[in-house]
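J.: My questions will all concern the structure given below.
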Amino acid sequence: MKTTSAILTTDALTIGYPMAGKPALVVAGPADLKLFRGELICLLGPNGSGKSTLVRTLSGIQPALSGNINIGKKIISSIHPLETAKQVSIVLTDKVEVGNLSAYSLVALGRYPYTGWFGRLSKLDEEKVRWAMEVTDTVIYAKRFVNTLSDGERQKVMLARALAQDTSLIILDEPTAHLDLPNRVELFGLLRRLARQTQKAILLSTHELDLALQAADKLWLMHPSRPLQTGVPEDLVLNGAFEATFQKEGFYFDRTTGTFKMRNLGNKTIRLVGEGTAVFWTQRALEREGFTVTQEGETSACVEVRQVSSRD
């Protein structure tokens, strides 16, 4: 991963909303952030923590309350919007309603910063569009109308549009919001590969905590009452920052498995003995029935899981 120079940096960035006749509503900050080439960064936080506000501010859609956002060596507020569109592409969570526009035409709209008012595609533009659709496996949708695509298919087409825009930074706001689990997993894998293969920086806000822990090079953690924290997933898990960001009554974060678990309200303890996949699912079943499962110590009851061959 190349980290010699940052694509985007912030200096004492404070985000929020100005209020007429009142002090501004500060959502987060001040924060010093950096985005490097080849990185997949996941922005995580509970609802209301300001993830969408940060995404919109970093992309230049919403002005910052204070501080600077730098694209390369230029402050984003001083750059013409058309020039910004050559540096940063964004995919928002809102479903795109584009009538009878074909998927190819939608992806081609990503070339608007380069085509001028008439939108005429050059040979280079067409090559960028084809490449974007090839790497996202959306070529098969090229002639289909966007309103006939499933949510997962449409989201991949929107990612292709952002890639066709050929920016060094891609920002996505809740890209998995309308997707089922297989499509969410597929999209995370695709984004990780694209960050590596294209050396673009990719920042996405998401509620997919388990997938973010697996796929992200770095996490940005937002909480309404805490400073924004950044770091590699393992550091933020081990120092307790990840768990503290999402701490609530009724569940806890298990650092040994990297998953959130419901708190067991029962007082029954059982020992589980065995190896393999069946042990994991047996433990799940026992915990669902109110047992606290342990692998050591003396208990009044014990469950042993054995591997039985097909010949037995």
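The values are calculated or read from the model by the stated rules, or taken from the named source; none is laboratory data. Predicted, not measured: the structure shown is a model, and the values here were computed from it. Ideal geometry is used to build each Cβ from the backbone, glycine not excepted, and the neighbour counts take in all protein chains shown. Heavy atoms of the whole protein, side chains included, go into the accessibility calculation; ligands, DNA and RNA do not. Shrake-Rupley method; radii C 1.70, N 1.55, O 1.52, S 1.80 Å.
J.: Any idea what % of Cα-Cα pairs in the range 158-260 are farther than 18 Å?
T.: Values: 2725 of 5253 pairs.
Tail of P(r) above 18 Å: 52 percent of Cα pairs.
J.: Going by amide H atoms built from the backbone, whose H comes under 5 Å of the H on Ser66, apart from near neighbours?
T.: Answer set, sorted by chain and number: Thr14.
J.: Going Cα to Cα from Lys86, which aspartates and glutamates come in below 18 Å? Please leave out same-chain ones fewer than 8 positions away.
T.: Asp125, Glu126, Glu127, Asp166
J.: Show the residues, 5+ positions off or on another chain, whose built amide H is closer than 5 Å to the amide H of Thr269.
T.: Thr292
J.: Right, something else. How much net charge surrounds Ile140 when only other residues with a Cβ under 14 Å from its Cβ are counted (Lys, Arg +1; Asp, Glu -1)? Intermediate values should be presented prior to the final figure.
T.: Numbers: positive: Arg130, Lys143, Arg144, Arg154, Lys156; negative: Glu134, Asp137, Glu153.
Local net charge: +2.
J.: Run the reach check for Lys218 against lysines, Cα to Cα strictly under 22 Å, same-chain hits fewer than 8 apart removed. What comes back?
T.: Lys2, Lys34, Lys51, Lys200
J.: Please sort 75-86, 185-196 by packing, taking for each peptide the average over its residues of neighbouring beta carbons within 10 angstrom, highest first.
T.: Values: 75-86: 14.2, 185-196: 17.9.
The peptides rank, most packed first, as 185-196, 75-86.
J.: Over all distinct Cα pairs, what is the inverse of the mean 1/r for the chain, reported as the Kirkwood hydrodynamic radius in Å? Can you show the working numbers first?
T.: Numbers: mean 1/r = 0.0455 Å⁻¹.
Hydrodynamic radius (Kirkwood, Cα pairs) of the chain is 22.0 Å.
J.: On average, how much accessible surface per residue is there in the chain, in Å², for a 1.4 Å probe, leaving out ligands, DNA and RNA?
T.: Working: 17240 Å² over 312 residues.
Heavy-atom accessible area per residue stands at 55 Å².
J.: With springs connecting C-alpha atoms under 10 Å apart, model the chain as a Gaussian network and identify which of Lys218, Lys200, Lys261 has the largest mean-square fluctuation.
T.: Highest fluctuation of the listed residues: Lys261.
J.: List the GluC sites (Glu not before Pro) within the range 125-156 that DSSP assigns to loop and that have no more than 12 neighbouring Cβ atoms inside 10 Å. Write out the running numbers ahead of the final one.
T.: Working: sites: Glu126, Glu127, Glu134, Glu153; in loops: none.
When the GluC sites (Glu not before Pro) of the range 125-156 are filtered for loop state and at most 12 Cβ neighbours within 10 Å, nothing remains.
J.: Please name which of Ile69, Asn239, Thr256 has its Cα lying farthest along the dipole of the chain towards the positive end, using unit charges on Cβ (Lys, Arg +1; Asp, Glu -1) and the Cα centre as origin.
T.: Value computed over the given set: Ile69.
J.: Continuing with the same structure: So what's the angle, to the nearest 10 degrees on a 0 to 90 scale, between helix 151-164 and the longest Cα principal axis of the chain?
T.: Around 50 degrees separate the two axes.
J.: Among the aspartates and glutamates, which have Cα under 13 Å from the Cα of Lys73 when same-chain residues fewer than 8 positions away are ignored?
T.: Asp11
J.: Same structure again: Using a probe of 1.4 angstrom, how much of the accessible area of the range 6-65 is carbon and sulfur, in percent? Could you put the intermediate results ahead of the total?
T.: Numbers: 1440 of 2560 Å².
Accessible surface attributable to carbon and sulfur in the range 6-65 totals 56 percent.
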